[in-house]
Amino acid sequence: MKNKEILYKLLYLTADEEWMSQPEIVESVQKIGKEIACKERSRRNFSNTKGVKVIDYADNVRLYSSVTECMKYEKLCRSSITGHIKRKSQAKDGRRFFVIEDGNLLSQHDDV
């Protein structure tokens, strides 16, 4: 279903003031709600990470124990580092950032 069709169907189902007292309509509305539920990932709490791995353009690897330490030595702000991690992108100078959680490295191709 397209978004417009879903919206019209919801409007049709909920047009009656008593729609909540009719179980079949409530069930239909709940089903549609599950279909259109936000599929966006939850926000990552970077304070729970075990470290940050940085790979530069020359394939040199640097490990940091926290995002704060990474900020200090890589000379980037927190939002730049976390943004590159979330978007799985690299900085303009070729650096790539990865998160280490529970001793496991989450690569750029993993779900972050």
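Details
- Ranked D93, D56, D16, criterion: other C-beta atoms within 10 Å, fewest first: D93, D16, D56
- Overall dimensions of the range 46-106 by Cα: Rg and Dmax, Å: 10.3, 29
- Above-threshold pairs, the threshold being 27 Å between Cα atoms, out of K50/K92; K72/K92; K53/K92; K4/K86: K4/K86
- For G51, the residues 5 or more places off, or on other chains, whose built amide H falls under 5 Å of its own are I100.
Read-outs: derived from the displayed coordinates by stated rules, not from any lab. Nothing here was measured: the structure is a model prediction, and the numbers come from that model. Note that we place each Cβ from the backbone using ideal geometry, even for glycine, and neighbour counts take in every protein chain shown.
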